[in-house]
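Right, one structure below, let's go through it.
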Amino acid sequence: VAVGRQALQANNSDSNIAVGSLALASNTTGFSNVAIGTQTLQSNTTGIYNVGVGHFALFSNTIGTDNVAIGALALDANTTGVSNIAIGSDALGANTTGIQNVAVGRGALLANTVGINNTAVGHFALSANTTGTNNVGIGREALTTNTTGIDNTAVGSLALQQNTTGTGNTAVGRLALQ
């Protein structure tokens, strides 16, 4: 199903839904994708089982699979990353090849590029994370300056806010280990 200017224009596959101008425009053999919004999943060629809802959601995705992006610019830089979930404007916005990340909230995991297995829930939680792995930030700006640290857990608004490269830290409560 294609609704919108040049939606699914290069498609040679089945079971895709594209609603919006240039939605899934480059898709060739990718299947079982859903794109709703202007230029959503526009660059997808062979990626499968992706869902993008929102302006430019999953825009750069080419072969990435099993991704869910809901919100304007959510997962927009993703190219080959798999099994990522981004809900909120700019969530996982810089992610290119990172896998198994979950970001819920505006700007959550915003700078993540190749980080793996991170969970961020809250406005700008883990927003500076680039390559850090196995981190959990729950709360507004929890672990917000973490860039490469691994195995950190922060629960609470601004918890572990100043951690950048530390490893194995746990902070619970508002401003904990700030």
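Here are a few things to note about the model shown:
- 3 or more residues touching a residue at least 12 places away in the same chain (Cβ under 8 Å) and either farther than 18 Å from SER89 by Cα or in contact with a helix residue (DSSP H, G or I) (Cβ under 8 Å, 6 or more places away or on another chain) (or both): qualifying strands (runs of 3 or more DSSP E) within segment 107-178: 153-155, 170-172
- Restricting attention to segment 95-109, the residues that are over 8 Å from the mean Cα position of the chain (by Cα) and either among the charged types (D, E, K, R) or open to solvent by 10 Å² or more (accessible area, probe 1.4 Å) (or both) add up to 7.
- Segment 66-81, residues that are surrounded by fewer than 20 Cβ atoms within 10 Å (Cβ to Cβ) and of a type in the set (Val, Ile, Thr): THR79, THR80
The values are calculated or read from the model by the stated rules, or taken from the named source; none is laboratory data. Not measured: the values here are computed from a predicted model. Ideal geometry is used to build each Cβ from the backbone, glycine not excepted, and the neighbour counts take in all protein chains shown. Heavy atoms of the whole protein, side chains included, go into the accessibility calculation; ligands, DNA and RNA do not. Shrake-Rupley method; radii C 1.70, N 1.55, O 1.52, S 1.80 Å.
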